[in-house]
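The values are calculated or read from the model by the stated rules, or taken from the named source; none is laboratory data. All figures in this text were calculated on a predicted structure; none of them were measured in a lab. Here the Cβ is made from the backbone with ideal geometry for all residues, glycine too, and neighbour counts use every protein chain on show.
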Amino acid sequence: MTRYRFSEPPPSEITPKALWLSRREVMRAGLALALAPLAGTVDAAPFDPEQVVAGPFSTDEPLTDPRAATGYNNFYEFGTRKSEPAANAWRMQTSPWDVVVEGEVARPGRYGLEDLLRPHTLEERVYRLRCVEGWSMVIPWVGFPLAALITRLEPTSRARYVEFETLVDEAVMPGVRRPVIAWPYREALRMDEALHPLTLLAVGMYGEVMPNQNGAPIRLVVPWKYGFKSIKSIVAIRFHEQRPVTSWEQQAPREYGFYANVNPEVDHPRWSQASERRIGESGRRPTLPFNGYAEQVAHLYDGMDLRRYF
Ligand code: MTE
């Protein structure tokens with residue numbers, strides 16, 4: 001596997017490095033003193049980049065500049081402006097990190113991140129991410145299929161949905177002091193979507209440990225759905241018989257459906273979804289059904305009216 005190195009921004013385009021590198025990288029970069037009053041111990045990297053293998057389903061489209069992918073983010077817990085996650089998320093402590101597993105499952109409990117990761121081979125997969133706001137990126141994620149973890153956790157026969165929840169920590173997340181949505185951020189998938197081999201639990205990007213602003217230490221990546229389904233910084237995974245209500249659905253049910261499949265034919269009530277702006281390109285390109293993954297996932301929705309189940 002070729003390792004990607006975050007490039008140095010030219011002085012003309014200075015986003016200070018501390019804004020786009022995660023805290024642990026800042027520490028490694030020797031800026032520990034500047035952060036000392038806030039920082040704890042140096043986090044242990046959750047994986048060795050040398051152990052990552054090339055995974056399936058990757059697109060060979062050009063990668064998005066990592067400075068855009070790590071500097072232009074949606075992570076509303078850290079603020080609603082695109083630059084705020086990179087400016088604020090370094091304060092989030094991502095080690096130690098536990099994920100609580102609950103509900104219709106034979107192996108509930110509180111799992112340390114290391115225990116969640118240990119049995120899994122980490123893969124690099126280059127996926128497109130299409131945000132509901134009309135922009136898209138191509139990102140080399142490092143992760144493993146969610147299906148592999150779900151299989152280990154042994155959901156019961158009643159489990160039909162899986163729900164995820166993000167950390168809420170007012171001390172480090174200025175965004176959660178305002179009720180932009182009903183925190184914690186919650187997302188969910190139908191079990192067959194969660195078990196689909198494209199669905200990834202990611203712990204890194206560009207061959208490196210996940211930057212905080214992109215959802216460290218562990219996030220979901222569901223490439224055929226709008227980006228808001230790809231929930232960041234997961235602290236709970238819950239198995240349900242009944243379909244859970246997700247945060248965006250609760251906030252604006254006419255605008256954000258449970259499925260959120262990328263669909264150029266179903267407009268958002270306030271804007272068209274027919275085209276997208278690929279970050280780094282000029283002009284717009286047509287958006288593909290299921291974000292270009294129709295061959296892999298369209299069958300999951302056979303017989304469903306995707307205008308109704310948007
Ligand atoms: N997860 C949490 N917890 N909070 C958020 O605000 N934003 C979502 C998703 N996951 C969001 C989140 C949206 S709208 C998008 S487009 C993607 O994260 C952006 O991921 P990126 O910043 O890694 O590109």
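List of remarks:
- Restricting the first member to the stretch 158-187 and to residues that are closer than 21 Å to A202 by Cα and part of a loop (DSSP other than H, G, I, E, B), and the second to residues that are within 9 Å of the ligand (Cβ to nearest atom) and polar (S, T, N, Q), the beta-carbon pairs closer than 7 Å and six or more apart or on different chains are L167/S233; P184/T166; Y185/T166; Y185/S247.
- Of all residues in the stretch 70-100, those satisfying the criterion of being more than 13 Å from the ligand (Cβ to nearest atom) and surrounded by 21 or more Cβ atoms within 10 Å (Cβ to Cβ) are W90, T94, W97, V99.
- Matching entry among G103, G55, G109 (being touching a His at 6+ places or on another chain (Cβ under 6 Å), within 27 Å of R152 (Cα to Cα) and not β-branched (V, I, T)): G103
- L21 meets all of the listed conditions (1) at pLDDT below 90; (2) away from the ligand (no atom under 16 Å from the Cβ) but one, namely (2).
- All conditions but one from (1) within 9 Å of the ligand (Cβ to nearest atom); (2) touching a strand residue (DSSP E or B) at 6+ places or on another chain (Cβ under 9 Å) apply to P223; the one that does not is (1).
- If you filter the stretch 124-162 down to residues that are within 13 Å of the ligand (Cβ to nearest atom) and charged (D, E, K, R), you find that the one that is surrounded by the fewest Cβ atoms within 10 Å (Cβ to Cβ) is E133.
- Of the helices (runs of 4 or more DSSP H) entirely within the stretch 62-156, those holding at least 2 residues that are of a type in the set (G, A, S) and touching a residue at least 60 places away in the same chain (Cβ under 8 Å) occupy 66-69, 84-88.
- Among the residues making up the stretch 233-277, those that are basic (K, R) and touching a strand residue (DSSP E or B) at 6+ places or on another chain (Cβ under 8 Å) are R238, R243, R277.
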